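We did not get these values from a lab; they are worked out from the coordinates using the rules stated. Computed from a predicted structure; not experimentally measured. Here Cβ is always computed from backbone atoms with ideal geometry, including for glycine, and neighbour counts include all displayed protein chains.
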Amino acid sequence: MLYQINQGTVAYADKIVLKEINFEIRNTEKIAVVGRNGCGKTTLLKLIMGEVSLSKRDSDKDSFIAMAGKPQIGWLQQMTFEDDEVCLSTEIRKVFEPILVMEKRMQELLRKIEEDPVEKLVEEYAALEQRFTYLGGYRYEKDYQMILDRFGFTKQDEEKRLSEFSGGQRTKIAFIKLLLSKPDILLLDEPTNHLDIATIAWLEGYLKEYPRAVVIVSHDRMFLDHTADVVYEIEHQKMKRYVGNYTEFVKRKKTDHAKQEKEYLAQQKEIERLNQIVERFKNKPSKVSMTRSKLKQIEHMDLIDKPEAFDDRAFHTGIRPAFESGNDVLSVERLGIGYDRELAKVAFSMKKGQKLGIIGGNGLGKSTLLKTLTGHIPKHSGKYQWGYHVEIGYFDQQMAQYSSEKTVLDELWDRFPTLTQTEVRNILGGFLFTGDEVFKKVSMLSGGEKVRLALAGIFQTCPNTLILDEPTNHMDIVGKEALEDMLRDYTGTILFVSHDRYFIKQIADSLLIFRPDGVEYFPYGYEDYIEKYGLEKYNSSTEEVLSIHAGDGGGRADMERKGAADGTADSREMDVSSAGKEGARCERDNEQPRVKKTALNPGKEKAKRERRIARLEELMEECDAKTAQLKEEMSLPEISSDYVKLNELQQEIDKLEELSLTYLEEWETLSSEI
């Protein structure tokens, strides 16, 4: 265990962000932290970095942060440049200074050992070399060249001053420095931003093999599937740990929620049943002990919390074209695109209803193509032609940086002045702007909120063709899924740029691929593209390991149950069966009472009923005890994922509860007769 938070709470003034969370970083785990925008993911990273402290709470729970030794923690946000005038190579090589110092000292020690091989010098050299190797001292030059190349920097770029690079490139440089520094705990906040698909695929492999711990905050579902082996979710200020990648987390969360809801309802049903018995017999002196027993049974229950509803609030709207376009939507012939120079030549065509995704490296002209087609920049050469009745809705990724002193309500209302305030507020409500949120200034909105506001305006125009440039940037996973649902149902035409492979896979039915050597049209979806070009290597080892462990756990659980001295499956079935026979016999006796020819003895009959009542009370207690035993068994970790066994146990519980009710009805009948 490298790092641990125990029962930690973080609050800003009166607002609690994280409440009594438990979090651990173990050895070389690759941990994903997921949750809605604003749920506290970045706060967690700040807590790990020491920028935020735990809040003191009025609680008897032990709250603390513990670390093993002094692990080096690296966070992209901490990587800054002291001097923008130094060249890229000089800046990146600063991370090798500790290695170079060690290398120099090792050389000095070797010279001294050759002259006088004293034990103290040999020990110092051995310890230093071990650390040198751990930090990659024997391969730092190779790592430097490899990472620089993977992030798209050339030999010429190495001599450029930092001030000559764009904001996205500077972020990449800081990212390279962080990776090459090789901290014990690597913190990554949205690491796939500003990276093209090829670089993201490489980064996945790098992180998977990274020999230390990694904590990743990301909304990139495919990236998390390929890197994470543990997922922590933050929801409703709380945190829960799941083993596996993102897809496994989604499955497990749904399963756990359904299981908890079922157990909660079953317990509430049991509590209601016991309370009904108490209420029915509380005024009968002869049943005081039984009613007390039922009340104690309720008191001693470990109450199961009602599961909180998933935080799946998402924007939604019905987006339908106001009218249809012609069948030929767009024709592009040898179109030269670029600003001061031509970046690429493009040729393709689009039909009505087609959903074309544009992918490729950064700086190759993807966004430039969209700006050219929408008339925001002039073409260099060639031509393009929009079809008949094409109405375009254009989303520019820069809309996430749009600023205005207008309120959210006025911003949309000014675009559609013929609408009533109620109609405008209804539109905004569909994009999660409710209540007083509509009076927030646009300049105060987050990037994700600005994206939602921009989409609300675009969709309200009811275009039959959408042009979208990185629409999922700044969206959390729920927002991405909502947009995917809307675009899949959209009957119009879509041309979009994205680096989110999962989003591309869900939406695109064809691709336009930008490469340094040209642009290629691919008439099929993303999965077919991957299958053809083999750009990604899917790793199923996590899923296979989970499957194997699940199988072993189920097998072991079965063996333990069969081999147990008490309460085995066989003995339980025998008990339920024998109890069922006894109940059936009683029912037959009640339905077909034997008629005795001799005269009835009232005292003897009363005693017989009293004995039967006492026996029924014993049988009800036995049923309750066995039911509790089975429910406890259902909660065992090795059983929780064995759905066949869970179903068998639940069937036994249902039989016992039905049997107990039969006993209770007979008990009540005999008691009333006495």
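Would you compute, for the Cα atoms of the stretch 182-238, the largest minus smallest coordinate along each principal axis and list the three values in descending order, in whole Å?
35, 25, 18
Considering all projection directions equally, how large on average is the shadow of the alpha-carbon convex hull of the stretch 273-349, in square nanometres? Please list the in-between numbers first.
Details: hull surface 58.6 nm².
The number I arrive at for the stretch 273-349 is 14.6 nm².
Just to check, using Stokes-Einstein with a Kirkwood Rh over alpha carbon pairs, what's the diffusion coefficient of the stretch 445-513 at 4 °C and 1.567 mPa s in µm²/s?
103
I'd like the GluC sites (Glu not before Pro) in the stretch 147-218 restricted to DSSP loop residues with at most 15 other Cβ atoms within 10 Å, sorted by number.
Details: sites: 158, 159, 164, 204, 209; in loops: 159.
Qualifying residues, ordered by number: 159.
Tell me the Kirkwood hydrodynamic radius of the stretch 606-674 in angstroms, computed as one over the mean inverse distance between distinct C-alpha pairs. Before the final figure, lay out the partial values.
Working: mean 1/r = 0.0749 Å⁻¹.
Every distinct Cα pair counted, the radius reaches 13.4 Å.
Output the Kirkwood hydrodynamic radius of the stretch 413-468, Cα pairs only, in Å rounded to one decimal. Write out the running numbers ahead of the final one.
On the way: mean 1/r = 0.0832 Å⁻¹.
Evaluated over the stretch 413-468, this radius sits at 12.0 Å.
Treating the angle as unsigned and between 0 and 90°, give the value, to the nearest 10°, between the Cα long axis of helix 140-150 and the longest Cα principal axis of the chain.
90
Just to be sure I understand the model, the point goes 7 Å from the Cα along the line to the Cβ. What's the resulting residue 56 to residue 665 distance in nm?
6.2
Round to the nearest 0.05 the FRET efficiency obtained for residue 342 and residue 317 when R0 = 35 Å and r is the Cβ-Cβ distance. Working shown, then result.
Working: r = 39 Å, r/R0 = 1.11.
Once rounded, the FRET efficiency stands at 0.35.
If you line up the long axis of helix 447-460 against the longest principal axis of the chain, both from Cα atoms, how many degrees apart are they, to the nearest 10?
The angle comes out near 90 degrees.
Over the stretch 266-394, with a single point scatterer placed on each C-alpha, what log10 of the ratio I(q)/I(0) does the Debye formula yield at q = 0.15, 0.17 1/Å?
Once normalised to I(0) and log-transformed, intensities are -0.86, -0.96.
List nothing, just return the count: lysine pairs in the stretch 276-376, 8 or more apart or interchain, with Cα separation under 24 Å.
16
Restricting attention to the alpha-carbon atoms of the stretch 1-78, what are Rg (one decimal) and Dmax (integer), both in Å?
12.7, 36
Just to be sure I understand the model, the point goes 7 Å from the Cα along the line to the Cβ. What's the resulting residue 113 to residue 145 distance in nm?
Taking the simple label geometry, residue 113 and residue 145 are separated by 2.8 nm.
What percent does the relative contact order of the chain come to when contacts are Cα pairs within less than 8 Å and at least six residues apart? Before the final figure, lay out each step's value.
Numbers: 929 pairs, mean separation 79.8, N = 674.
RCO, the chain: 12 percent.
In the chain, what is the volume of the convex hull around the alpha carbon atoms, normalised per residue and reported in Å³? Spell out each step's value before the answer.
Working: hull volume 180.7 nm³, N = 674.
Hull volume over Cα atoms, normalised by residue count, gives 268 Å³.
Provide the FRET efficiency to the nearest 0.05 for the residue 6-residue 247 pair, computing r from the beta carbons and using R0 = 30 Å. Walk me through the numbers before you get to the answer.
Working: r = 29 Å, r/R0 = 0.97.
So, using R0 = 30 Å, E works out to roughly 0.55.
For the stretch 72-158, which trypsin sites (Lys or Arg not before Pro) are both in a DSSP coil and crowded by at most 11 other Cβ atoms within 10 Å? Write down the numbers at each step before the final one.
Working: sites: 93, 94, 104, 105, 111, 112, 120, 131, 139, 142, 150, 155; in loops: 139.
Hits after loop and neighbour filter: 139.
Which GluC sites (Glu not before Pro) in the stretch 8-63 pass both tests, a DSSP loop state and at most 11 other beta-carbon atoms within 10 Å? Intermediate results must be reported in sequence, preceding the final value.
Working: sites: 20, 24, 29, 51; in loops: 29, 51.
The qualifying sites: there are none.
Please report, in whole Å³, the volume per residue of the convex hull around the C-alpha atoms of the stretch 43-152.
Details: hull volume 19.1 nm³, N = 110.
Output value, Cα hull per residue: 174 Å³.
Translational diffusion coefficient of the stretch 188-322 at 10 °C, 1.306 mPa s, Stokes-Einstein with Kirkwood Rh over Cα pairs, in µm²/s as a whole number. List each step's numbers first, then the result.
Numbers: Rh = 19.6 Å.
Here the translational diffusion coefficient equals 81 µm²/s.
Give me the number: length gained by fully extending residue 385 to residue 240, i.e. 0.36 nm times residue separation minus the C-alpha to C-alpha distance, one decimal in nm. Could the numbers behind the result be given before it?
Working: separation 145, 0.36 × 145 = 52.20 nm, distance 5.29 nm.
Full extension of this stretch gives 46.9 nm more.
Can you tell me the mean projection area, over all orientations, of the convex hull of the stretch 94-177's alpha carbons? Units nm², please. Could you put the intermediate results ahead of the total?
Details: hull surface 25.9 nm².
Averaged projected hull area, Cα only: 6.5 nm².
Measuring from label point to label point, each 7 Å out along Cα→Cβ, what is the residue 441 to residue 622 span in nm?
With each label point 7 Å from Cα toward Cβ, the separation is 7.7 nm.
Would you mind giving the three semi-axes, in whole Å and largest first, of the ellipsoid equivalent to the stretch 358-501 according to its Cα gyration tensor?
Working: eigenvalues 147, 60, 48 Å².
Equivalent ellipsoid semi-axes, largest first: 27, 17, 15 Å.
Quick one: 3J(HN,Hα) in Hz for the stretch 397-404, Karplus 6.51/-1.76/1.60 with θ = phi - 60°, rounded, Gly and Pro as x.
Per-residue couplings from phi come out as 4, 6, 5, 5, 9, 4, 10, 7 Hz.
So between residue 606 and residue 532, what do we pick up on full extension, going 0.36 nm a residue minus the alpha carbon distance?
Numbers: separation 74, 0.36 × 74 = 26.64 nm, distance 8.59 nm.
Taking 0.36 nm per residue and subtracting the Cα distance, the gain is 18.1 nm.
Quote the Stokes-Einstein diffusion coefficient, in whole µm² s⁻¹, for the stretch 76-227, based on the Kirkwood radius over alpha carbon pairs, a temperature of 25 °C and a viscosity of 0.890 mPa s.
Details: Rh = 17.2 Å.
The estimated diffusion coefficient comes to 143 µm²/s.
With the alpha-carbon atoms as the only input, what is the per residue convex hull volume for the stretch 149-260 in Å³?
That works out to 120 Å³ per residue.
Once the dipole of the chain is set up with Lys and Arg at +1 and Asp and Glu at -1 on Cβ about the Cα centre, which of 54, 390, 376 lies farthest towards its positive end?
390
Among 265, 200, 146, which residue has its Cα furthest toward the positive end of the charge dipole of the stretch 116-268, with +1 on Lys/Arg Cβ and -1 on Asp/Glu Cβ?
Working it through, the farthest residue towards the positive pole turns out to be 265.
For residue 426 and residue 636, FRET efficiency with R0 = 60 Å and r from the beta-carbon atoms, rounded to 0.05?
After rounding, the FRET efficiency stands at 0.75.
Would you mind finding the longest exposed-site-free stretch of the chain, with exposed chymotrypsin sites (Phe, Trp or Tyr not before Pro) meaning DSSP loop and at most 16 other Cβ atoms within 10 Å?
On the way: sites that count: 81, 138, 310, 323, 339, 388, 402, 524, 538.
The longest uninterrupted stretch comes out as 139-309.
Against the longest alpha carbon principal axis of the chain, how many degrees, from 0 to 90 and to the nearest 10, is the axis of helix 288-299 turned?
10
Quick one: putting +1 on the C-beta of Lys and Arg, -1 on the C-beta of Asp and Glu, what dipole do you get for the stretch 222-307 around its Cα centre, in Debye to the nearest 20? Please report the intermediate quantities before stating the final value.
Numbers: 19 positive and 14 negative charges, 150 e Å.
With only Lys, Arg, Asp and Glu charged at Cβ, the dipole is about 720 debye.
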